[in-house]
Amino acid sequence: MSDPYVKLEIINQVGYIEFFHPAHNSLPGDILTELAQSITDAGTNDAIKVIVLKSGRDRTFCAGASFKELININDEETGKFFFSGFANVINAMRKCPKFIIGRVQGKTVGGGVGLASATDYCMATKFAAIKLSELNVGIGPFVVGPAVQRKLGLSGMSQIAIDANSFYSAEWAKQKGLFTQVFETTEALDAGVKEFAENLCNYNPEAMASMKQVFWKGTEDWDELLIQRAKISGRLVLSDFTKEKLKGFK
C-alpha cells in the first residue's frame with residue numbers, strides 16, 4: 001500500500017493506531033487531522049484498554065511535517081493552521097484517558113519527535129535516532145517543544161533544537177528519558193510492545209486513567225499554548241530567510 005492512511009486495528013484489547021505516508025511518513029494536514037480524531041475515538045472505545053501508536057513500513061517512524069505543504073504557505077493564517085496539526089495530535093494524546101505506547105522503529109525528525117514525546121511509554125529500536133531540524137529552515141520546534149521538553153528536560157530539548165543538523169542516537173534518547181527500552185531489531189520491538197501492552201490490559205482502566213491525569217498535571221494550558229506556538233511558526237515561515245531556505249527543497 002503506497003497511499004497515505006491512518007488505520008486502527010484492535011487485537012486483544014489493544015488498539016493499534018498506524019499512520020503512513022510514502023514520503024518517509026511525513027504528515028500532511030489531512031493525515032494529522034485523521035490521526036488526532038483516531039486517538040480521540042480510541043480513547044472512548046470500550047473495546048480498547050491500551051493504545052499503541054506506530055507508523056507503517058520499516059525505516060522511518062516519522063519525518064515530521066509535510067514539506068510540500070510547508071513550501072506553499074503564503075499567509076499567517078494558513079501557517080497557523082498548518083502548524084496546528086501537530087498541536088492537535090499532541091493534545092489528543094495528552095487528553096486521551098488511556099495509556100499510549102509509542103512504537104518507534106526508525107529515525108524520527110521534527111514533529112515526529114513531538115509525537116514520540118507525547119506518548120506515555122515509548123519503546124524503540126537502535127535505529128530510532130532523533131533530530132529537531134526546524135532551525136535549519138529558519139523556524140523552530142515551537143509546537144512540539146513543550147512535549148519534547150517534558151520528556152528530555154530543558155537541557156536535552158535545547159541541545160537537539162540548537163544542534164539542528166545532528167541525529168541523536170536511540171541510546172541517547174533512552175538516557176534522557178524519551179525511550180524506555182531500545183531493541184536490536186524491529187521484530188524484537190514488536191514482540192516487546194505486544195507483551196507490554198497486553199499486560200497493561202490486565203490493570204484497572206480507572207486506575208490507569210487517573211494515573212495519566214497525574215502524569216500530565218501542569219499541561220492543562222496546552223490547548224491554548226500550542227496554538228500560540230503554531231502562530232509563531234506560522235509567522236516565521238513567511239520570513240525572507242525561511243522562504244529562501246525553502247527554495248532549496250523545491
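Just so it is clear, none of the values below were taken in a lab; they were calculated from the coordinates. In this text the structure is predicted, and so the values were computed from the model without any measurement. Counting neighbours? That spans all protein chains shown, and the Cβs are built from the backbone with ideal geometry, glycine included.
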request  = Could you work out the local net charge near Thr185, counting Lys and Arg as +1, Asp and Glu as -1, over the other residues with Cβ closer than 12 Å to its Cβ?
outcome  = -3
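Quick check on the chain: of the DSSP beta bridges with both residues there, what percent are antiparallel, nearest 5%?
Beta bridges within the chain, antiparallel portion: roughly 30 percent.
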message = Counting only other residues whose beta carbon sits under 13 Å from that of Val144, what net charge do I get with K and R as +1, D and E as -1?
response = +4
ask   = Mind ordering 16-22, 48-54, 239-245 by average Cβ neighbours within 10 Å, highest first?
value = 48-54, 16-22, 239-245
Surrounding net charge for Lys95, when Lys and Arg each add one and Asp and Glu each subtract one, Cβ distance under 14 Å = -2
request  = Output the peptides 137-143, 109-115, 213-219 sorted from most to least packed, where packing is the average of other Cβ atoms within 10 Å over each peptide's residues.
outcome  = 109-115, 137-143, 213-219
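Span-like helices, the chain: DSSP H, alpha-carbon axial extent 18 Å or more, mean Kyte-Doolittle -1.0 or greater, which ones?
Taking the DSSP H segments of the chain (at least 18 Å long, mean hydropathy at least -1.0), we get 29-43, 76-95, 186-200, 222-236.
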ask   = Working out 0.36 nm times the residue gap between Leu135 and Glu198, then minus their Cα-Cα distance, what length gain in nm do you get to one decimal?
value = 18.7 nm
query = Between Asp30 and Gln181, what length in nm is gained on full extension when 0.36 nm per residue of separation is reduced by their alpha carbon distance?
reply = 51.2 nm
ask   = Which entries in the list Lys54/Lys243; Lys54/Lys131; Lys68/Lys217; Lys131/Lys174; Lys151/Lys245 go over 26 Å, if you measure between the two C-alpha atoms of each?
value = Lys54/Lys243; Lys68/Lys217; Lys151/Lys245
ask   = Can you give the FRET efficiency for Ile71 and Asp163, using 1/(1 + (r/R0)^6), R0 = 22 Å, r = Cβ-Cβ distance, to the nearest 0.05?
value = 0.35
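Would you mind calculating the gained length between Thr78 and Glu9 on full extension (0.36 nm times residue separation, minus the Cα-Cα distance), in nm to one decimal?
21.5 nm
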request  = Report the charge-dipole magnitude of the chain in Debye, nearest 20, computed about the Cα centre from +1 at each Lys and Arg Cβ and -1 at each Asp and Glu Cβ.
outcome  = 560
task = Along Cα→Cβ, 7 Å out, is where each label goes; now give me the distance between the ones at Ser2 and Asp58 in nm to one decimal.
result = 1.9
ask   = Put a dot 7 Å past each Cα toward the Cβ at Phe215 and Ile232; how far apart are the dots in nm?
value = 2.6
inquiry  = Can you show me the helix-derived [θ] at 222 nm for the chain, built from DSSP H runs with n ≥ 4 at -39,500 (n - 2.57) apiece and divided by the number of residues, rounded to the nearest 500.
reply    = -15000 deg cm²/dmol
